[in-house]
Amino acid sequence: MKTLGIDIGSLNIKAVVLGDDGILGTTIVPPGDEIEAGAHKAIEAALVEAGLSHNSLPVAATGTGAKFIPFIPQQKAITTCLARGIHYLFPSARMVIDMGAESTTVLKVNERGRIADWVNHDKCASGTGLFLQQMAKLMGITLEEMSSLSLQAHARADITNTCAVFAESEVISHVHRDPPTPKEDIVAGIYASIVSRTISLCKRVGITKDVAVTGGVALNDGLVNIMEQELGFKVLKPKSPQMVAALGAAIIAKETAEKGPK
Amino acid sequence: MTTIVHKSEVDLLIRTFRMMSRMNRARPEMRSSETLYYQMLAEYYSRIRNAREEGKLLAAHTVFFPTEMLYAMDIVPMHTEMTTWLTALFLREQAELLAKGAELGLAPEICSPHRGVAGIFGLNTIPHPDVILWSNLICDNTAKSGELMMELSRSPGFFLDNPFQNSPGEMRYLVDELKDMVHFLEEKSGKKMDWDKLAEMVVRDKQEIELYREISELRKAVPSPMSISGYLELLSADYMFPGQPEAIQYLTQLRDELKMMVKQGKGAVSSERFRLMTLFVPPMHLMSSLGRIFEEHGAVSVTEPLFTCWSEGELDPSRPLESVAMKSFLIPERRSMYGPLSEQALQDIIDSAQQYKIDGAIYWAFLGCRHTCATVKVIKEVLSEIDVPMLTIDCDIVDPTVNSEEEIRDKLTQFTEMLEEDR
């Protein structure tokens, strides 16, 4: 059976086509002005990648914008989908740290790929993908450059982790002080502030190995590296960490289709 | 002293409650108890508005103050935190009150009802109180709030010191404190305490506690008959009308309605799927939204062990003062909010979880209430030991800028999906 999962995030729409032997196609598109049109575009692109010509697949949607695509009636919470997706990729994972564009969510997953507990940080942009984008822009570098720079850091600049706006002021002062703080140290400091906040969140539900990281922010190797240093162990990182929720949605679509109509 | 009342919050509240009561009467599907509740509130604020005209002393007081004593002396009580809550819920003017609180130097981290209380006094939106009565029950915010109210109103005040433990020595101390308060009020009002009237109120206090227990029992039914909005009503009846005939009437009506619903197998939501325990208090300004959100998810709050379940203990009308003192040790909130969190409080939570067959718990972690937030982890662990998941929602019970309806809906969706998957 082939199914489709779609994750409508605030920065990107992700779609996954899942077959019996694994993932057949994936795609990421920006939502554009019309979320519904963006969703159609993502689905079509994922189907093309999977070598399918038309969409009659069972489908489920998730993400902050899912409620704006009424043509997909089956909608699931992002946490449910992340749990399913990570269990599919790493059955040993018991904790997921999902760092998306607008929020960070930590969830504990049981041996069946179901959520045991979760907590999220959604009151401040610090530690989110949007925050990182802003910081990169401020320093005049790309997100990719930011990630590789941090691996060359000799120290970590002190950056607050309580407020994205204050963090921005601190970065500006590091850039403009005489002599300026080395860029790599500033980036490492930004990552460390995000990691510190994220690990506090993990502690609220209790850190349980294996730990996996997902979401677009997990694409930053430098950040994941600092997270591993602070946790004191290696984390599991999917090849496409931002696709895990869409994959979970595809798994749920499959489960529902297999159960048949109620 | 002359006070200019810029805008009568009290008049607006009276008008709103009368309108709600009229609207309810016109809609047969609404609970009669809810109509009574609004009538009670309208009457309460009418008494406040008319106090001066009727030559009665108006006493502004903080939460869990033994207002039976005021009613027994024909003094008109004005509950400061409830007035802020009700203003938030019904008049949506909390932003103005909180802004005034900020102007008076209260940091945003301080309990918002108390910032709102400061705002109410700072803006003169309530009648000027003749006396300020406050205590350390239930928290340090309460203890400090009274001082600020005295400063702002320039009214004389009395601080009632409540001990932590219910020991014979501490009970004697509290009774002495109450005697001092009676002297203070007799001096300020020129009226003597009517001990017979106080004894009658203790009789009604006993009836009220019994009715609360009956209502709690009825809520064990599957499906459970009381909606989340009933929670605020129960709190209001307890906080504002202790020992009052109208509270007995309201609670009796509510009990009878719930009894009928249980008999008919009717639940508070059309299709009960999740039985939830509520810990602390949800954002007041989102109460009506919560009703909708709970209905959408088939969720019902079946118990609030730390707020609506009274501790065991006897009141003796032949010893009214001692009974008023004893009652302060029985109030549900005391277990988690005042003094150390006892083993008994944790046991009560476990017992409630089992007796009410709950699927999950929601802890409304009110950011301004640091001492209760400190119990989140221990309560979560205790519930986890009996396989009851707990969702913690950081919130503010008055400030509308902290939580939105959508945020609460999303979190409840995630939580109920988790509960569903666990079945």
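Observations
- Among (1) under 22 Å from residue B:187 (Cα atoms); (2) not in a strand (DSSP E or B) - the single one residue B:59 does not satisfy: (2)
- Test for residue B:155: is it touching a strand residue (DSSP E or B) at 6+ places or on another chain (Cβ under 8 Å) and at pLDDT 95 or above: yes
- Strands (runs of 3 or more DSSP E) within the range A:85-146 that include 1 or more residues over 13 Å from residue A:245 (Cβ atoms) and within 14 Å of chain B (Cβ to nearest Cβ): A:104-109, A:115-121
- Counted residues, the range A:150-171 - those being part of a helix (DSSP H, G or I) and under 21 Å from the mean Cα position of the chain (by Cα): 2
- Number of the exception - residue A:240 against (1) surrounded by 20 or more Cβ atoms within 10 Å (Cβ to Cβ); (2) within 30 Å of residue A:59 (Cβ to Cβ): (1)
- Flag if residue A:111 is farther than 18 Å from residue B:410 by Cα and acidic (Asp, Glu): yes
- When residues of the range A:173-187 are limited to those that are of a type outside the set (D, E, K, R) and assigned to a loop (DSSP other than H, G, I, E, B), the one surrounded by the most Cβ atoms within 10 Å (Cβ to Cβ): A:181
- Candidate set: the range B:365-399, residues that are hydroxyl-bearing (Ser, Thr, Tyr) and not in a strand (DSSP E or B); chosen: the one farthest from the other protein chains (Cβ to nearest Cβ): B:372
- For the range B:9-21, the condition holds for at least one residue, the condition being that it is without any contact (Cβ under 8 Å) to a residue 12 or more places away in the chain and outside any loop (DSSP other than H, G, I, E, B).
- Just one residue in the set B:43, B:54 is free of Cβ contacts under 8 Å to residues at least 12 places away in the same chain and on the phi < 0 side of the Ramachandran plot; that residue is B:54.
- Residue match in the range B:79-97 (condition: assigned to a helix (DSSP H, G or I), surrounded by 24 or more Cβ atoms within 10 Å (Cβ to Cβ) and in contact with a strand residue (DSSP E or B) (Cβ under 6 Å, 6 or more places away or on another chain)): yes
- Of the numbered criteria (1) of a type outside the set (A, V, I, L, M); (2) part of a helix (DSSP H, G or I); (3) at pLDDT below 90, the one residue A:55 fails is (2).
- Of all the listed residues (B:320, B:400), the sole one being modelled with pLDDT of 90 or more and not charged (D, E, K, R) is B:320.
- Residue match in the range A:45-56 (condition: crowded, with 24+ Cβ neighbours inside 10 Å, more than 30 Å from residue B:361 (Cβ to Cβ), away from chain B (no Cβ under 12 Å) and over 18 Å from the mean Cα position of the chain (by Cα)): yes
- Residue B:188 being at pLDDT 95 or above and over 23 Å from residue B:132 (Cα atoms): no
- Selection count, the range B:405-423, where residues are more than 8 Å from chain A (Cβ to nearest Cβ) and within 26 Å of residue B:351 (Cβ to Cβ): 6
- Close pairs (8 angstrom Cβ cut-off, 6 or more residues apart or separate chains): farther than 17 Å from residue B:277 by Cβ in the range B:292-304, of a type in the set (Val, Ile, Thr) anywhere: B:295/B:269
- Taking the criterion of being part of a helix (DSSP H, G or I) and surrounded by 19 or more Cβ atoms within 10 Å (Cβ to Cβ), the residues of the range B:258-268 that qualify are B:258, B:261, B:262.
- Contacts under 7 angstrom Cβ, first residue in the range A:15-44 being assigned to a strand (DSSP E or B), partner of a type in the set (Lys, Arg), 6 or more apart: A:17/A:2; A:18/A:2; A:18/A:254; A:19/A:2; A:24/A:2; A:28/A:14; A:29/A:41
- Any hit, the range A:205-224, residues being out of contact with any strand residue (DSSP E or B) (no Cβ under 7 Å at 6 or more places or on another chain) and without any contact (Cβ under 8 Å) to a residue 12 or more places away in the chain: no
- So residue B:402, is it at the interface with chain A (Cβ under 10 Å from one of its Cβ atoms) and surrounded by fewer than 19 Cβ atoms within 10 Å (Cβ to Cβ): no
- Per-region count, the range B:155-187, residues surrounded by 17 or more Cβ atoms within 10 Å (Cβ to Cβ) and of a type outside the set (A, V, I, L, M, F, W, C): 5
The values are calculated or read from the model by the stated rules, or taken from the named source; none is laboratory data. As the structure is a computational prediction, the values presented were derived from the model and not from experiment. Cβ atoms come from the backbone with ideal geometry, glycine included; neighbour counts cover every protein chain shown.
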